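Since the structure comes first, as structure tokens, the remarks are kept for the end.
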Amino acid sequence: MASFKSTKIPIYPKLGEKVTPDTLYWKNYKAPVQIKEFGAVTSIDFSSLAPHNYAVTASTRIHIYGPFSTEPVKTFTRFKDTAYSGKFRSDGQLLVAGCEDSVVRLFDVSGKVALRVFKGHTKGVHVTDFTSDCYHILTGSDDYTCRLWDIPNSTELTSYKEHTDYIRCGTTSKLNRDIFITGSYDHTLRVFDARVEKSVMTMDHSQPVESVLLYPSEGLLVSAGGRYVKVWDLLKGGQPLVSLKNHHKTVTCLSLSSNGQRLLSASLDRHVKIYNTTNYKVVHNFDYAASILSLALAPDDESIVVGMTNGVLSIKHRKSPEEKREMVGKQRMQPVYRIFVKGRNYVPKKDDFLVSKPVKSHLAKYDKQLKKFNISKALDTALESWRRNRKPEITVAVMKELDRRGTLKNALAGRDEQNLSQLLNFLIGNVVDPRFTPVLVTATEMILDIYQAVVGQSSVVDRQLVRLQELVEREVDYQQDLLEVLGMLDTLFATSLPRKEVPCPGSSR
Amino acid sequence: MVVHAEIRMVHRGGSKINFREPVITHDSRFLLCAAGESVNVYSTSTEEYVHDLQGHTDLVTGVVLNPSNHLQVYSCSADGTVRLWDFTDAILIKTFIIGYPIYSIYVSEKHGGVVFLVVPMANYKSSELFQLVAVHLPHSGDQEVEARELSAVLCDVSHHPGAASFGREGEYIAAVKGLQLEVFFFKKQKSYRFSLKSGMKKGAKNAFTCVSCHPKEDCIATGHEDGKIRMWRNFNQKKEYTYSTLHWHHGAVNTLCFTPEGTNLLSGGIESVLVHWHYTQENQKDFLPRLGAAITHIAVSPDGSLFCTSHSDNKITIIQSCVKVSAVIQGLVKGDGVWTNLIIDPRSKALVLNGKPGHLQFYSLHHDKQLYNLDIVQQEYIHEEGLDQFEVVKAAFDARGDWLATVEERRKKGAELEINLKLWAYDELTQSFVLNTTVTAPHEDRITAMFFSPSPETTMLVTTSLDGHFKAWLLADHSDANEGFWACDFVGGYHLLKPGCCSFSADGSLLSVGFQEVVTVWSPASWELLTTLSQPPGAIRDLCFGRLSCSKYLLGASTKNQLCCWNLLTCSLEWSTPMDVSLLQTDPLSENIAAFCSQSGSSDLFVFKPSEPRPLYSQKALCTGKVQHAVFAPRDQMLESCEERTQWLNRSQLYFLTQHMDLLTFSTKTEEDRLLASSKQLMVDDSVAVTPFYLLLGKHRGQQLEKQEALTNPMAERTQLPQGSIAIKELLHTPAHVLPSASFLCAMFVRSLLISSSSARFKSGLWLYHSRTLRLVSDMYCQLRDQIISN
């Protein structure tokens, strides 16, 4: 005597992205804090000093925020025009910023007035940075020049005029005080050594360069411009290593995650993409509300700060482990392990008499009803709202089982308005799902057959029927389009494939 | 017609054991049932086959216990005889020759020495009219007695054995046919007829299907087509009879049976639920559901403790105390059809074919016993007529038996086809197949052929379908999951033609697919189309590659009566012959190929090698109808026949299935002799039921016996030796105290046993013999020493 075989619920492969360690890591951030700035946020820089404040350059101001503050802890407003590129020195004491009025200003972080003012550029300065020995400042300007300045006596040391377009990005080496790299709208990246007169290396990005980034080891250089992110090997004389094209608008900003294993790129297409730096595959993706101009990560990836064209600054903080534990603790209301296994791990002794208890197989409610041939009740159970909404495959599997038994029509018949509208709602939601279509189309036909006599008696049902009709018509059109596309592709493939002759016994001999 | 005396066809694989109602003996130890031309005796407690009663020359149509001697049983057969047996010792006591084919037999305690038989009406021997006759069995000392004194009791009865039943103490007999119930009273010699209306209104079908009489009261229960049971009372007159109706079954009531005390009525039908109706409280009923298949007969043991039900899937279930299934006797399931071919499981060497609906059965050919059923569909089977159920239509094993692929399909009327391809992995731990991958809708249309690649490196499956494609499936190894799953690797087609068959070469390096008239040859390694062969007219029906020395040949059978053989080295036709081949089957262990041809309504068999023009063996008019399924089953032991005609049976045995679902095979004389000898050896003490305790004890006893034999055997062997016997006799019979020292005796003793090497008799087994002798010597020496020590 066999036991009842329960209804088979097919397991469908989960669609969408796979859960990887990367997704878990990058999803482990809280909801973003949003701060409205006065204009587009062009630059964000984290201080390397302990509380890790960060400078946000937007419009004519530079705000300095504490790690968890939503109000600026400090503001620099002494700019005559739009400020650019507010940067901390590596000791966190000084801050340098360029300005549209061609003047470069150096501030003490605790003061208000500029300590030094560097004048010499003829157009707006978009790039400023400290050299690694902390005594010089690198600037790059729209007058096609990049210059080095001495901080103590605020004089210009050298000037290079090799670029033929605006210089919009640049970075200094953290290992060598004399080396710095600039990127320009003339599509080139140039590596300069302050000890020589001319650039020592030139790389062609073939797009206006928006951002450059040096790896901590300084063997690799990353540049962003146009839709491309390119990686260059400096030790091999600037040989291109990879070219990534994962954005569909200009990439504006680059950043490395704290351990140097992941590269982040932000773009005007409102996405931040995270790459694995070993194989340069995209491992994660953030979406933002507006085009992104600037991006920075706090040390240890504690927070991700993103500045956008609409002047919104978005800060995401990493979830702390305590909060996580708290969440888990709330969910857990089940009996503890000790009670759960009570008596189950008992090892029978030698003289114990073993009474075997038949294992009772648990049947789902709809299976119990199917076992008793209560078909309408089984369908009702399968159509319960939580099951219908969250596990439609169960509802469909029960319908399929009823169809196999030849009793689906009986189960669908004799329903009142509320029941019928529930059923129609389910059909509208799932009939075009390719996993369920074969079964649900049969059910739909049966419902139409059964209830065609009462059409027009209930406005709710009528409205749903009209919706269903529209849905089906739309789906038919869609399938038609798909078939057309398929036909086109087939012709394309057929013409591109080389014709191969198969040896035939009759033809050759 | 060529007749080969040395090769003959034999039936294999269990006859129908559900053909007639089984009988449980008085002591409830044995179960007797008609099985083909013999009566099988099974043990009710262990479900073991004990022995059979052989003697009838045609189908056995009924078995009943002799009411006057409960150790004897009557059996009747279509060969026109009634035989009386002693079933415990399988001895035929008497044969009564009736002279008409008998369809069923009834006996009653009251009518001693009389059996009631259903035979065709004397005048219309060929027609479908039957009569119930009473036959007085003459008392005579002879083995064979003619009993031709028939006295008709009832005319125009149904030949169905459940359609008549003896009433209380044999006073009357009730028979049903069509819409009529007829009761014949023996005392009054008068019969009453009760008719029902045809009752076609409201869909009711009133026709009677079966009848059973209450053993203690005047009550007759009848079953009907529409699932109703009617209880007739007060029927000893024409007018004031009454009946009450019980209704639970939704299909026809197949069988009815009262328990011996009359307290319960049992009924069964297609629902495969055994229903107990409590007599006089009919609204109370108990159920025993899910017995597996439609119930065809119910029998109750004379003491009422055991029930047994026969099922349509060739199964007998024994039920203990109304609730518990205690034993299942399962024969080879012969369903509505075999859609999967006959397949041999490479691991268990069992024959695999469709079993119960949605199952594959593994049937041991060697033991003629079903090993197990594998549930392929894994759905609750609804026992209802007119439902489209999933059926297993294709199955295939890979070369090592690690993988099993099955295809199940369900065709709804006017709706699209549902097909599932399932792949099962063999699990060493449970010794069974475990579902690995399910592919829903692997093809858009029916799958016509499915084969695994025989190459040992890759496990590849190829399916061909009527949707114009063939697909190759590969086991995709997934690193993070511990078990791989199957995925489609290649989809091929040829000019949108429909592929009908495919075949792998023996080493798996070539795949040939028959696309209607064109045979394409592909390389599975690169999926390149290597060549196409075509020999119109006629679509290719079957393809197979030659094996071993003939592996360069590809054979194809076309629908237009053509058997072609291509040479793959030259890509040209080697030979072709006009033959209407319905099936080609290659022997995996030799070059032989068997071709079944259908000619004028019967099938012929040719066994040949592709390289030789002359067939090795041919047999005309094998059986009526087309042979659709056949398989070569490898033998456990190779036969050593040197004769040319029987040589092809040396390595494997050819089994085939006829249109009437009979499993037949070929057997040689030497093989039969050997089988007979082995069966005699295996004869056990049948009077004891084969219980676990018996087995344990029997084993022990057997060991003891063996020991005794081991002790007596050396003596026997020794007596064969002329000199040895004297020496040892002397040695053993001399009193111990006069014997010389054992070391001295030993040398003498060994010398006495030595045989001169010139003796031609022991040329072959000399070394074996010597070793045996030495062991013997050491045994003797030990005995001797013991004797001396004890003295």
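Rank by packing, highest mean first: peptides A:355-361, A:396-402, A:106-112, with packing defined as the count of other Cβ atoms within 10 Å averaged across residues.
A:396-402, A:106-112, A:355-361
How many partner chain Cβ atoms sit within 10 Å of a residue's Cβ in peptide A:404-415, on average, as a whole number?
2
Mind running the shape call on segment B:319-433? Use the C-alpha gyration tensor, a ≥ b ≥ c as the square roots of the eigenvalues: rounded below 1.5 for a/c, prolate if a/b tops b/c, oblate otherwise.
In terms of gyration-tensor shape, oblate.
Find the relative contact order for segment A:352-400 and round it to a whole percent, using C-alpha pairs within less than 8 Å whose residues are 6+ positions apart.
26
Given a cut-off of 19 Å, what percent of all Cα-Cα pairs of segment B:355-497 lie beyond it?
The calculated P(r) of segment B:355-497 puts 56 percent of pairs beyond 19 Å.
Counting only other chains, what is the mean number of Cβ atoms within 10 angstrom of the Cβ of each residue in peptide B:378-388?
Per residue, the average neighbour count from other chains is 4.
Classify the protein assembly as shown from the C-alpha gyration tensor, please: rounded if a/c falls under 1.5, else prolate or oblate depending on whether a/b exceeds b/c.
prolate
Run the simple label-point estimate for B:Ser549 and B:Asp786 please: 7 Å along Cα→C-beta, distance reported in nm.
5.8
So, with +1 on the Cβ of K and R and -1 on the Cβ of D and E, and no other charges, what is the size of the charge dipole of the protein assembly as shown about its Cα centre, to the nearest 20 debye?
Using Cβ point charges on Lys, Arg, Asp and Glu, the protein assembly as shown gives about 2180 debye.
What number comes out for the charge environment of A:Tyr215, summing +1 per Lys or Arg and -1 per Asp or Glu over other residues with Cβ under 13 Å away?
Here the count lands on 0.
Once you place label points 7 Å from the Cα toward the Cβ at A:Lys112 and B:Asp142, how far apart are they in nm?
Label at A:Lys112, label at B:Asp142, 14.2 nm between them.
On a 0 to 90° scale, report how tilted helix A:459-496 is relative to the longest principal axis of chain A, with both axes built from alpha carbons and the result rounded to the nearest 10.
Here the helix axis deviates by roughly 60 degrees.
Is the shape of segment A:85-244 best called rounded, prolate or oblate, per the rule: a/c under 1.5 gives rounded, else a/b larger than b/c gives prolate, else oblate, with a ≥ b ≥ c the square roots of the Cα gyration tensor eigenvalues?
Prolate is the answer for segment A:85-244, as a/c is 1.5 or above and a/b outweighs b/c.
Longer than 29 Å from Cα to Cα, which of A:Lys360/B:Lys16; A:Lys80/A:Lys249; A:Lys30/A:Lys281; A:Lys371/A:Lys391 are they? Say none if no pair is.
Among A:Lys360/B:Lys16; A:Lys80/A:Lys249; A:Lys30/A:Lys281; A:Lys371/A:Lys391, the Cα-Cα distance tops 29 Å for A:Lys360/B:Lys16; A:Lys80/A:Lys249.
For segment A:481-496 and segment A:418-453, what is the centre-to-centre distance using only Cα atoms, to the nearest Å?
33
Positive end of the dipole of segment B:570-666, charges at C-beta (+1 Lys, Arg; -1 Asp, Glu), about the Cα centre: which of B:Cys623, B:Thr586, B:Gln653 has its Cα farthest in that direction?
Of the listed residues, the answer is B:Cys623.
Packing-wise, with mean Cβ within 10 Å as the measure, how do A:364-377, B:567-580 rank, highest first?
A:364-377, B:567-580
Just going by the charge dipole of the protein assembly as shown, with Lys and Arg at +1 and Asp and Glu at -1 on Cβ, which of A:Leu354, B:Phe96, B:Trp473 is farthest out on the positive end?
A:Leu354
With the contact rule set at Cα under 8 Å and sequence spacing of 6 or more, what percent relative contact order holds for chain A?
Relative contact order of chain A: 9 percent.
Given A:Leu106, A:His248, A:Thr128, which one lies farthest toward the positive end of the charge dipole of chain A, if we put +1 on the Cβ of every Lys and Arg and -1 on the Cβ of every Asp and Glu?
Most positive-ward Cα: A:His248.
Quick note: the coordinates plus some simple rules give every number you see, no bench work behind them. Please read all numbers here as calculations on a predicted model, not as lab measurements. Cβ sites come from the backbone with ideal geometry, for glycine too, and all protein chains shown count toward neighbours.
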